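The next block holds one structure in the form of C-alpha coordinates; read it before the comments.
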Amino acid sequence: MVRTNSTMLPLGTKAPDFRLPDPFGRVWSLGEFDGKPALLVIFLCNHCPYVKHVASELAKLTSEYIDKGVAVVGINSNDWQQYPEDSPQQMIAEIRARGYRFPYLIDETQEVAKAYRAACTPDFFLFDAKRELVYRGQMDDSRPGNGIPVTGKDLRAALDAVLAGRAVPADQKPSLGCNIKWKPGNEPDYFRP
(Lines give C-alpha, C1' and ligand atoms only; values in the text may rest on other atoms or scores of the structure.)
Protein backbone atom coordinates (compact mmCIF):
# COMPACT_ATOMS: atom_id res chain seq x y z
CA MET A 1 0.00 0.00 0.00
CA VAL A 2 1.40 3.38 -1.01
CA ARG A 3 -0.15 6.37 0.75
CA THR A 4 -0.93 8.82 -2.03
CA ASN A 5 -2.44 12.31 -2.12
CA SER A 6 -4.86 13.63 -4.70
CA THR A 7 -3.13 15.50 -7.54
CA MET A 8 -5.40 18.51 -6.89
CA LEU A 9 -6.51 18.99 -10.50
CA PRO A 10 -6.87 22.75 -11.18
CA LEU A 11 -10.20 24.23 -10.15
CA GLY A 12 -12.28 25.25 -13.16
CA THR A 13 -11.23 22.18 -15.18
CA LYS A 14 -14.10 20.88 -17.32
CA ALA A 15 -15.25 17.36 -16.46
CA PRO A 16 -13.55 14.93 -18.85
CA ASP A 17 -16.01 12.80 -20.78
CA PHE A 18 -16.22 9.07 -20.17
CA ARG A 19 -18.03 6.04 -21.51
CA LEU A 20 -17.69 3.17 -19.06
CA PRO A 21 -19.62 0.02 -18.17
CA ASP A 22 -20.95 -0.88 -14.78
CA PRO A 23 -20.49 -4.51 -13.63
CA PHE A 24 -24.07 -5.31 -14.73
CA GLY A 25 -23.22 -4.45 -18.37
CA ARG A 26 -24.84 -1.03 -18.72
CA VAL A 27 -22.62 1.65 -20.29
CA TRP A 28 -22.69 5.16 -18.78
CA SER A 29 -21.42 8.46 -20.18
CA LEU A 30 -20.95 11.95 -18.78
CA GLY A 31 -23.89 13.29 -20.80
CA GLU A 32 -26.36 11.11 -18.90
CA PHE A 33 -25.96 13.45 -15.93
CA ASP A 34 -26.81 16.63 -17.86
CA GLY A 35 -29.29 18.90 -16.13
CA LYS A 36 -28.15 17.95 -12.63
CA PRO A 37 -26.98 20.87 -10.44
CA ALA A 38 -23.76 19.07 -9.51
CA LEU A 39 -21.77 15.98 -10.42
CA LEU A 40 -19.62 14.12 -7.91
CA VAL A 41 -17.09 11.73 -9.45
CA ILE A 42 -15.43 9.38 -6.95
CA PHE A 43 -12.50 7.14 -7.78
CA LEU A 44 -12.74 4.22 -5.39
CA CYS A 45 -12.26 0.48 -5.14
CA ASN A 46 -13.25 -2.37 -2.86
CA HIS A 47 -10.07 -3.46 -1.10
CA CYS A 48 -8.38 -0.19 -0.05
CA PRO A 49 -8.41 0.34 3.75
CA TYR A 50 -9.00 4.07 3.21
CA VAL A 51 -12.13 3.35 1.16
CA LYS A 52 -13.31 0.71 3.65
CA HIS A 53 -12.83 3.28 6.42
CA VAL A 54 -15.27 5.76 4.83
CA ALA A 55 -17.56 3.41 2.85
CA SER A 56 -20.53 3.38 5.25
CA GLU A 57 -20.58 7.17 5.56
CA LEU A 58 -19.94 7.51 1.82
CA ALA A 59 -23.03 5.39 1.08
CA LYS A 60 -25.08 7.54 3.47
CA LEU A 61 -23.71 10.87 2.19
CA THR A 62 -24.15 10.03 -1.50
CA SER A 63 -27.68 8.74 -0.92
CA GLU A 64 -28.57 11.97 0.87
CA TYR A 65 -27.23 14.16 -1.93
CA ILE A 66 -28.69 12.00 -4.71
CA ASP A 67 -32.06 12.78 -3.08
CA LYS A 68 -31.15 16.49 -3.36
CA GLY A 69 -30.56 16.12 -7.11
CA VAL A 70 -26.78 15.63 -7.22
CA ALA A 71 -25.46 13.18 -9.80
CA VAL A 72 -22.92 10.77 -8.30
CA VAL A 73 -20.73 8.26 -10.10
CA GLY A 74 -18.08 5.92 -8.71
CA ILE A 75 -15.20 4.71 -10.89
CA ASN A 76 -12.93 1.75 -10.18
CA SER A 77 -9.70 2.12 -12.17
CA ASN A 78 -7.65 -0.49 -10.30
CA ASP A 79 -5.96 -3.34 -12.15
CA TRP A 80 -8.32 -6.07 -11.01
CA GLN A 81 -6.24 -8.79 -12.64
CA GLN A 82 -3.58 -8.07 -10.01
CA TYR A 83 -6.13 -7.13 -7.31
CA PRO A 84 -9.04 -9.60 -7.70
CA GLU A 85 -10.94 -8.02 -4.79
CA ASP A 86 -11.61 -5.14 -7.22
CA SER A 87 -13.03 -7.38 -9.98
CA PRO A 88 -16.45 -6.61 -11.50
CA GLN A 89 -17.98 -9.53 -9.60
CA GLN A 90 -16.65 -8.13 -6.33
CA MET A 91 -17.93 -4.68 -7.31
CA ILE A 92 -21.45 -6.14 -7.51
CA ALA A 93 -21.00 -7.61 -4.03
CA GLU A 94 -19.73 -4.23 -2.77
CA ILE A 95 -22.66 -2.32 -4.30
CA ARG A 96 -25.09 -4.65 -2.58
CA ALA A 97 -23.24 -4.78 0.76
CA ARG A 98 -22.79 -1.01 1.00
CA GLY A 99 -26.10 0.01 -0.53
CA TYR A 100 -24.44 2.26 -3.10
CA ARG A 101 -27.15 4.00 -5.14
CA PHE A 102 -24.75 5.51 -7.66
CA PRO A 103 -23.41 3.80 -10.78
CA TYR A 104 -20.08 2.13 -9.96
CA LEU A 105 -18.12 1.93 -13.21
CA ILE A 106 -15.17 -0.10 -14.50
CA ASP A 107 -12.27 1.89 -16.01
CA GLU A 108 -10.43 -1.14 -17.38
CA THR A 109 -8.08 0.86 -19.65
CA GLN A 110 -7.41 3.36 -16.81
CA GLU A 111 -7.73 6.19 -19.36
CA VAL A 112 -10.53 7.90 -17.44
CA ALA A 113 -8.44 7.96 -14.25
CA LYS A 114 -5.64 9.57 -16.25
CA ALA A 115 -8.03 12.13 -17.80
CA TYR A 116 -9.08 13.18 -14.28
CA ARG A 117 -5.51 12.86 -12.96
CA ALA A 118 -6.94 10.59 -10.28
CA ALA A 119 -4.20 9.26 -8.01
CA CYS A 120 -5.72 7.64 -4.94
CA THR A 121 -8.72 5.83 -3.55
CA PRO A 122 -10.84 7.57 -2.55
CA ASP A 123 -10.35 10.62 -4.81
CA PHE A 124 -13.25 13.09 -5.07
CA PHE A 125 -14.06 15.49 -7.92
CA LEU A 126 -17.07 17.81 -7.58
CA PHE A 127 -18.30 19.70 -10.64
CA ASP A 128 -20.95 22.43 -10.74
CA ALA A 129 -23.89 22.67 -13.16
CA LYS A 130 -21.52 23.85 -15.94
CA ARG A 131 -19.36 20.78 -15.20
CA GLU A 132 -16.48 22.93 -14.01
CA LEU A 133 -14.40 21.57 -11.13
CA VAL A 134 -15.16 23.33 -7.86
CA TYR A 135 -13.84 20.83 -5.30
CA ARG A 136 -11.16 18.16 -5.32
CA GLY A 137 -10.28 17.37 -1.78
CA GLN A 138 -10.79 15.07 1.14
CA MET A 139 -14.06 13.75 2.47
CA ASP A 140 -13.00 14.83 5.97
CA ASP A 141 -10.01 14.60 8.35
CA SER A 142 -10.68 10.98 9.36
CA ARG A 143 -8.11 8.35 8.37
CA PRO A 144 -7.78 4.70 9.41
CA GLY A 145 -6.46 4.64 12.96
CA ASN A 146 -6.47 8.39 13.71
CA GLY A 147 -9.57 8.25 15.93
CA ILE A 148 -11.37 11.09 14.14
CA PRO A 149 -15.00 10.16 13.32
CA VAL A 150 -16.00 9.88 9.66
CA THR A 151 -18.52 12.67 9.00
CA GLY A 152 -17.85 13.76 5.42
CA LYS A 153 -17.81 17.38 6.63
CA ASP A 154 -15.46 18.79 3.96
CA LEU A 155 -17.27 17.12 1.08
CA ARG A 156 -20.68 18.00 2.56
CA ALA A 157 -19.67 21.68 2.85
CA ALA A 158 -18.63 21.73 -0.81
CA LEU A 159 -21.83 20.00 -1.94
CA ASP A 160 -23.98 22.35 0.15
CA ALA A 161 -22.21 25.39 -1.31
CA VAL A 162 -22.79 24.23 -4.90
CA LEU A 163 -26.45 23.47 -4.25
CA ALA A 164 -26.91 26.90 -2.62
CA GLY A 165 -25.18 28.67 -5.54
CA ARG A 166 -22.26 29.77 -3.36
CA ALA A 167 -18.59 29.56 -4.24
CA VAL A 168 -16.71 26.63 -2.75
CA PRO A 169 -13.63 27.87 -0.84
CA ALA A 170 -10.46 27.29 -2.86
CA ASP A 171 -8.50 26.24 0.26
CA GLN A 172 -9.03 22.49 0.01
CA LYS A 173 -7.16 19.63 1.69
CA PRO A 174 -6.14 16.81 -0.68
CA SER A 175 -7.67 13.40 -0.30
CA LEU A 176 -5.33 10.69 0.95
CA GLY A 177 -5.58 6.98 0.25
CA CYS A 178 -4.00 4.02 -1.48
CA ASN A 179 -2.53 4.71 -4.88
CA ILE A 180 -4.57 3.60 -7.88
CA LYS A 181 -3.28 0.17 -8.86
CA TRP A 182 -1.93 0.90 -12.33
CA LYS A 183 -1.36 -1.88 -14.82
CA PRO A 184 2.38 -2.50 -15.26
CA GLY A 185 3.73 0.00 -17.80
CA ASN A 186 0.51 2.05 -17.71
CA GLU A 187 1.50 4.39 -14.86
CA PRO A 188 0.81 8.06 -15.61
CA ASP A 189 3.48 10.76 -15.49
CA TYR A 190 2.15 12.00 -12.14
CA PHE A 191 2.44 8.60 -10.39
CA ARG A 192 4.96 8.62 -7.54
CA PRO A 193 5.62 5.10 -6.17
21 Å tail of the calculated P(r), segment 1-154, as % of Cα pairs: 41 percent
Considering lysine pairs in the chain that are 8 or more places apart or on different chains, how many have Cα atoms under 19 Å apart? 15
For the Asp79, Phe24 Cβ pair and Förster radius 22 Å, calculated FRET efficiency rounded to 0.05 is 0.55
First check a/c for segment 1-86, with a ≥ b ≥ c the square roots of the eigenvalues of its C-alpha gyration tensor; if it is under 1.5, answer rounded, and if not, answer prolate when a/b is larger than b/c or oblate otherwise. rounded
Might you list the cysteines of the chain that have no disulfide-compatible partner by the rule of another cysteine's Cβ under 4.7 Å? Cys45, Cys120
Find how much the distance from Thr13 to Glu132 grows on full extension, using 0.36 nm per residue of separation minus their present alpha carbon separation; answer in nm with one decimal. 42.3 nm
Can you find, among Ala167, Val54, Leu44, the residue sitting farthest towards the positive end of the charge dipole of the chain, where Lys and Arg contribute +1 and Asp and Glu -1 at Cβ? Ala167
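Might you tell me the accessible area per residue for segment 1-151, computed with a 1.4 Å probe and given in Å²?
Roughly 42 Å² per residue, with all protein chains present.
Please give me, ordered by residue number, the trypsin sites (Lys or Arg not before Pro) of segment 109-193 that lie in loop per DSSP and have at most 16 other Cβ atoms within 10 Å.
Within segment 109-193, the qualifying trypsin sites (Lys or Arg not before Pro) (loop, at most 16 other Cβ atoms within 10 Å) are Lys130, Arg166.
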Can you list the HN-Hα couplings for segment 130-140, worked out from phi with the Karplus curve (6.51, -1.76, 1.60; θ = phi - 60°), rounded to whole Hz and with x for Gly and Pro? 8, 6, 9, 5, 10, 8, 8, x, 6, 6, 5
Tell me the carbon and sulfur percent of the accessible area for the chain, rounded to whole percent, probe radius 1.4 Å. 51 percent
Note on the chain, DSSP bridge orientation, antiparallel percent to nearest 5 equals 65 percent
How big is the charge dipole of the chain about its Cα centre, in debye rounded to the nearest 20, if each Lys and Arg gets +1 on its Cβ and each Asp and Glu gets -1 on its Cβ? 220 debye
Return the calculated 222 nm mean residue ellipticity for the chain, to the nearest 500 deg cm²/dmol, obtained by summing -39500 (n - 2.57) across DSSP H runs with n ≥ 4 and dividing by the residue count. -7500 deg cm²/dmol
Extend 7 Å from the Cα of Arg101 along its Cα-to-C-beta direction; within segment 45-69, residues with backbone N under 12 Å of that point are 59-69
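The values are calculated or read from the model by the stated rules, or taken from the named source; none is laboratory data. This is a predicted model, so every value here is computed, not measured. Note that each Cβ is placed from the backbone with ideal geometry, even for glycine, and that neighbours are counted across all protein chains shown. The area values use the complete protein model at the heavy-atom level, side chains included, leaving out ligands, DNA and RNA. Shrake-Rupley method; radii C 1.70, N 1.55, O 1.52, S 1.80 Å.
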